[in-house]
Structure formats: structure tokens, C-alpha cells
Amino acid sequence: MAAAKIAPSMLSSDFANLASEADRMVRFGADWLHMDIMCRHFVPNLTIGAPVIQSLRKHTKAYLDCHLMVTNPSDYVEPFGKAGASGFTFHIEVARDNWQELIRSIKSKGMRPGVSLRPGTPVEEVFPLVEAENPVELVLVMTVEPGFGGQKFMPEMMDKVHTLRKKYPSLDIEVDGGLGPSTIDVAASAGANCIVAGSSIFSAADPGEVISVLRKSVEGSQNKS
Ligand code: DX5
Ligand code: ZN
């Protein structure tokens with residue numbers, strides 16, 4: 001069974017205090033820190049790149065779960081490896097022709113490869129990457145259009161999660177966008193085990209409590225199945 005991983009999205013943190021925000025989330029019980037890397041060509045927003053990961057790495061030993069919403073993920077592999085990224089999740093929409101090479105290079109830089117899909121991308125597109133000889137180790141199902149925190153969860157994406165969980169019982173399946181105490185149960189019961197949550201954690205009076213609610217929901221669903 002794939003263990004529950006709760007990953008606060010640092011996009012909702014105070015970027016001016018990133019090190020202390022990271023430390024705070026780890027103390028609240030976060031398993032991973034989700035880092036949203038965006039270029040304006042792939043999404044209508046621009047965030048951070050390898051230099052920020054490198055700075056943050058000096059302050060934390062936490063698993064840095066990097067989600068690359070960029071058009072040329074292969075250009076980012078070497079700098080992210082050097083910067084100390086832990087996971088490197090690229091989007092299938094921009095890697096249809098070179099995913100094999102991309103997975104190989106991500107692994108060769110000591111990172112864990114993952115693939116993500118936008119809401120409009122059919123789940124079948126990622127099957128070959130999970131079944132490859134050199135496979136991805138995580139599939140990130142977007143539950144909002146990538147680009148911004150604080151959007152509304154799309155429950156219709158749960159079919160993708162369910163399909164993936166049925167096919168791949170021990171795969172890390174991550175959901176990202178609009179997750180919080182009111183949406184976690186459907187995602188957990190569909191089979192998601194890695195939960196990204198930005199605004200629901202950072203805007204809470206007690207972020208540790210939200211992290212614990214998310215974890216309990218995932219573990220509760222796993223015990224039922
Ligand atoms: C959106 C990002 C998400 C975002 C989630 O493109 O990939 O990681 O930060 O934020 P919430 O949980 O607020 O929807
Ligand atoms: Zn993300």
C-alpha cells in the first residue's frame with residue numbers, strides 16, 4: 001500500500017519567509033513540501049526556479065516535491081538536481097516525445113520522477129510511463145487548471161484517480177488543487193495517497209489540525225479497502 005504523504009503547497013506560504021514556513025510545516029506534520037515551479041508559457045503565472053530550491057535546501061532536509069509547470073522540463077533537470085530537489089514531476093502535455101529520456105535524466109540526477117496531467121488530458125496518456133521499463137514513480141492528477149492556488153476542486157477528476165488506483169495498487173497517486181477538509185474524503189476514497197494542499201492549510205487557524213485531518217482520511221480509506 002502506498003503510504004499517505006501530506007504535502008503543503010508552499011505557493012500559499014509567505015515566500016519572503018520560505019525557510020521558516022518550511023520549518024513550520026514540517027513541525028505541523030508535513031511529509032513533503034510541494035514546490036510549484038511555473039513558467040508563463042505553460043500557465044498564466046510565474047513563480048520560482050532552481051535558485052530558490054537551492055537556497056531552501058540549505059535550511060531544510062525535507063523532501064522537496066517539485067511540480068514543474070513549464071514548457072521545457074528537460075532544461076530544468078540538471079539545475080534542479082544540483083539545487084537539491086527530491087521529486088521532479090513534469091507534465092505529459094509537454095513531454096509526449098521525450099518522456100523516456102526525461103525519466104532517465106531525472107533519475108540520473110538522483111531525483112524521483114513523476115508525471116502530471118492537466119484536467120483536460122485523458123488518464124490513458126500516462127499508462128505507458130507507469131508501465132515503462134524505467135517508469136515514473138508518481139502520477140499527479142491535477143484537480144484544478146494549473147496556475148494558481150485557491151481554486152475550486154474538480155470532483156470529476158476522481159475517475160482518473162480511481163482508474164489509476166485499480167490498475168496500480170502501490171503507485172504514488174497525488175492530487176493537487178482545491179484539497180482540504182471538505183474535499184479530501186472523495187479524493188482519498190478514489191485512491192489518492194499523496195495530498196497537496198495550499199490555501200486550506202496556510203489559511204487555517206490550526207494548520208497542524210488540517211494536515212492531520214487529511215492524513216486520517218487517506219489512512220481511513222486505505223483501511224477500508
Ligand atoms: C496549482 C498548483 C497547486 C496549488 C494548490 O497550479 O499546482 O499546487 O498551489 O493550491 P490550493 O490547495 O490552494 O488549491
Ligand atoms: Zn502543484
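The table for this structure:
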| read-out | value |
| --- | --- |
| Filter result for residue 44 (farther than 23 Å from residue 206 by Cβ and surrounded by 15 or more Cβ atoms within 10 Å (Cβ to Cβ)) | no |
| Complete set of residues in segment 3-17 that are in contact with a helix residue (DSSP H, G or I) (Cβ under 7 Å, 6 or more places away or on another chain) and within 16 Å of ligand 2 (Cβ to nearest atom) | 6, 8, 10, 12, 13 |
| Per-region count, segment 24-55, residues hydroxyl-bearing (Ser, Thr, Tyr) and not in a helix (DSSP H, G or I) | 1 |
| Positions within segment 133-151 being of a type in the set (Val, Ile, Thr), in contact with a helix residue (DSSP H, G or I) (Cβ under 7 Å, 6 or more places away or on another chain), assigned to a loop (DSSP other than H, G, I, E, B) and within 12 Å of ligand 2 (Cβ to nearest atom), in sequence order | 143 |
| Subset of segment 107-132 [closer than 20 Å to residue 34 by Cα, in a loop (DSSP other than H, G, I, E, B) and open to solvent by 40 Å² or more (accessible area, probe 1.4 Å)] | 109, 110, 118 |
| Single match in 96, 104 (criterion: open to solvent by 20 Å² or more (accessible area, probe 1.4 Å), modelled with pLDDT of 95 or more, in a loop (DSSP other than H, G, I, E, B) and farther than 22 Å from residue 20 by Cα) | 96 |
| Residue in segment 56-67 that is within 14 Å of ligand 1 (Cβ to nearest atom), part of a helix (DSSP H, G or I) and open to solvent by 20 Å² or more (accessible area, probe 1.4 Å) present | no |
| Residues being of a type outside the set (A, V, I, L, M, F, W, C), open to solvent by 20 Å² or more (accessible area, probe 1.4 Å) and either modelled with pLDDT under 95 or assigned to a helix (DSSP H, G or I) (or both) - total across segment 164-208 | 7 |
| Of all residues making up segment 152-163, the number that are under 16 Å from residue 130 (Cβ atoms) and either open to solvent by less than 30 Å² (accessible area, probe 1.4 Å) or within 16 Å of ligand 2 (Cβ to nearest atom) (or both) | 2 |
| Among (1) out of contact with any helix residue (DSSP H, G or I) (no Cβ under 6 Å at 6 or more places or on another chain); (2) more than 16 Å from ligand 2 (Cβ to nearest atom); (3) more than 26 Å from residue 170 (Cβ to Cβ), the one test that residue 52 misses | (2) |
| Test for residue 174: is it without any contact (Cβ under 8 Å) to a residue 40 or more places away in the chain and either out of contact with any Lys or Arg (no Cβ under 6 Å at 6 or more places or on another chain) or aromatic (Phe, Trp, Tyr) (or both) | no |
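The values are calculated or read from the model by the stated rules, or taken from the named source; none is laboratory data. Nothing here was measured: the structure is a model prediction, and the numbers come from that model. Reconstructed Cβ throughout: ideal geometry from the backbone, glycine too, with neighbour counts over all protein chains shown. Calculation scope for accessible area: heavy atoms of the full protein, side chains included, ligands and nucleic acids excluded. Shrake-Rupley method; radii C 1.70, N 1.55, O 1.52, S 1.80 Å.
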